[in-house]
Amino acid sequence: MDFRLTPEQEQLKAEVRAFLEAELAAGGFQPTDNSWMVSYSRDFSRKLGARGWIGMTWPREYGGRGRSYIDRFVCTEELLRYGAPVAAHWVADRQMAPAIIAYGSEAQKREILPRIIAGEAVFCIGMSEPNSGSDLASLQTRATARGDEFIIDGQKVWTSGAHLADFIYLVARTDPQAPKHKGISELIVDMKLPGVSTRPLIDSSGDHHFNEVFFDGVRVPGTALVGQLNRGWYQIASQLDYERSGMERLMSNYLLYRDVFQYAKQTIRRGKPLADEPSVRYLLGDLAIHYEVGRLLLYRVAWVLSKGRIPNYEAALAKVFCTAFEQRLADAAPRIMGLHGQLLPGSSHAALEGRAAKGYSFAPGYTLQGGTSEILRNIVAIRGLGLPAS
Ligand SMILES: Cc1cc2nc3c(=O)[nH]c(=O)nc-3n(C[C@H](O)[C@H](O)[C@H](O)COP(=O)(O)OP(=O)(O)OC[C@H]3O[C@@H](n4cnc5c(N)ncnc54)[C@H](O)[C@@H]3O)c2cc1C
């Protein structure tokens with residue numbers, strides 16, 4: 001196994017770094033943990049798109065660059081390492097575009113994909129409902145065909161970035177009489193249509209990033225349907241595999257990871273660096289080992305993608321391991337920092353001190369979003385290990 005990047009990939013990494021350093025120096029962005037979820041800048045996405053760093057793996061005819069998934073990982077790893085504001089294109093680049101490329105109409109491909117690259121088509125994911133999360137197939141939001149339109153009624157919940165999105169990639173029931181997996185379809189719905197409304201939900205760290213989304217008699221044209229009517233369930237499966245496959249499942253709180261090491265090296269307690277205390281040393285070593293193992297698991301996922309396969313149990317396994325690391329880190333940082341780690345943002349202390357407490361409250365979501373660890377372990381057991389389903 002050769003773990004080295006090719007010279008071209010090393011060059012790509014250097015180019016992305018140079019761009020990010022220049023942007024930072026010019027005050028172009030404020031590095032943020034969870035930036036792929038919370039840090040929206042259409043302008044920044046547009047700049048990345050112009051450099052060919054959105055849609056890297058898509059076909060060239062739709063504005064993509066036809067590059068490998070390893071190239072994409074090299075690029076996304078750098079963006080996350082810097083906490084760059086990438087949320088405006090992240091989910092669209094990661095899963096909506098591959099779904100549209102695989103199942104969408106020619107018109108959808110030509111209209112939407114270039115707009116994602118230009119930072120003009122910001123998507124949110126409309127799957128979860130108040131009574132349907134892990135058991136997504138039980139969803140109740142309806143899209144009723146009437147003439148050449150669909151009429152949508154229902155509610156979604158936990159919808160990240162819905163208040164900032166142009167489109168929701170909606171999963172809805174189109175045949176209420178069919179068995180629950182067989183009457184579901186996917187639609188692209190414009191968030192500005194009459195009858196669509198959002199209500200903020202405040203997350204456990206006190207921020208507004210997800211929402212409830214309501215649909216009250218929303219009329220969308222039949223052309224909003226992605227792929228085949230009532231076959232949405234089979235399309236969603238591969239979309240979820242893409243959702244679980246990225247570097248963001250390890251690096252959501254990378255800035256905290258970087259800074260807690262620095263803090264432990266620079267802080268002097270009882271006359272020596274905090275990092276020299278055996279209990280702190282143990283925690284730092286434990287974090288470093290888990291980070292490196294998680295990174296290799298994700299590169300394995302990229303390797304599967306680069307072979308033209310959609311990773312399934314490989315992505316599930318990586319997400320379980322890597323999001324557990326993110327929580328381990330969120331738990332370890334305040335312990336390493338002691339009482340300072342409990343200070344809330346906005347205090348007069350160094351930036352890290354507020355971030356550790358905030359990161360701790362945000363962390364429970366890592367093992368829920370994109371499929372809970374329990375559900376993913378079932379996938380690893382059944383599809384990876386071949387154990388019986390029941
Ligand atoms: C930060 C964050 C952002 C999110 N963003 C979005 C978004 O943008 N769009 C969107 O659609 N959704 C989003 N979600 C919702 C997320 O996908 C759901 O929370 C998740 O799928 C779990 O569903 P649930 O909350 O209804 O929990 P439930 O499905 O009710 O599960 C409750 C508990 O029971 C366990 N459980 C359930 N079924 C089984 C089973 N068969 N075997 C073993 N254990 C089981 C679960 O693991 C969990 O611990 C987000 C969630 C978070 C935390």
Could you list, in sequence order, all residues of segment 127-159 that are without any contact (Cβ under 8 Å) to a residue 40 or more places away in the chain, within 16 Å of the ligand (Cβ to nearest atom) and part of a strand (DSSP E or B)? GLU129, SER132
What is the one condition in (1) assigned to a helix (DSSP H, G or I); (2) closer than 30 Å to GLY341 by Cα that GLN235 does not satisfy? (2)
Cβ-Cβ under 9 Å, sequence separation 6+ or interchain: first residue in segment 2-27 and farther than 24 Å from TYR299 by Cα, partner surrounded by fewer than 12 Cβ atoms within 10 Å (Cβ to Cβ) and at pLDDT below 95. Which pairs? none
Complete set of residues in segment 113-147 that are of a type in the set (D, E, K, R) and open to solvent by less than 70 Å² (accessible area, probe 1.4 Å): GLU129
Could you list, in sequence order, the residues of segment 199-232 that are open to solvent by 30 Å² or more (accessible area, probe 1.4 Å), modelled with pLDDT under 95 and either among the polar types (S, T, N, Q) or assigned to a helix (DSSP H, G or I) (or both)? SER204
Just to be sure I understand the filter: pairs with C-beta atoms under 7 Å, separated by 6 or more residues or on different chains, first member in segment 209-228 and over 16 Å from GLY195 (Cβ atoms) and not assigned by TED's automatic domain parsing to the domain that holds ILE100, second member more than 16 Å from the ligand (Cβ to nearest atom) and charged (D, E, K, R). Which pairs pass? GLY222/ASP148; GLY222/GLU149
From TYR299, TYR360, which residue is hydroxyl-bearing (Ser, Thr, Tyr), within 15 Å of the ligand (Cβ to nearest atom), out of contact with any His (no Cβ under 8 Å at 6 or more places or on another chain) and within 26 Å of VAL38 (Cα to Cα)? TYR360
Please enumerate the residues belonging to segment 249-267 that are of a type in the set (S, T, N, Q) and assigned to a helix (DSSP H, G or I). GLN262, GLN266
Restricting attention to segment 78-126, report how many residues are touching a residue at least 60 places away in the same chain (Cβ under 8 Å), among the small types (Gly, Ala, Ser) and closer than 24 Å to ARG173 by Cα. 6
1 or more residues open to solvent by 40 Å² or more (accessible area, probe 1.4 Å): qualifying helices (runs of 4 or more DSSP H) within segment 11-112: 35-38, 42-50, 69-81, 97-103
Those residues of segment 171-197 which are free of Cβ contacts under 8 Å to residues at least 24 places away in the same chain and either buried (at least 21 other Cβ atoms within 10 Å of the Cβ) or under 27 Å from the mean Cα position of the chain (by Cα) (or both), in sequence order: SER197
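The values are calculated or read from the model by the stated rules, or taken from the named source; none is laboratory data. As the structure is a prediction and not an experimental result, all values here were calculated from the model. Counting neighbours? That spans all protein chains shown, and the Cβs are built from the backbone with ideal geometry, glycine included. Side chains included, ligands, DNA and RNA excluded: accessible areas come from the protein's heavy atoms. Shrake-Rupley method; radii C 1.70, N 1.55, O 1.52, S 1.80 Å.
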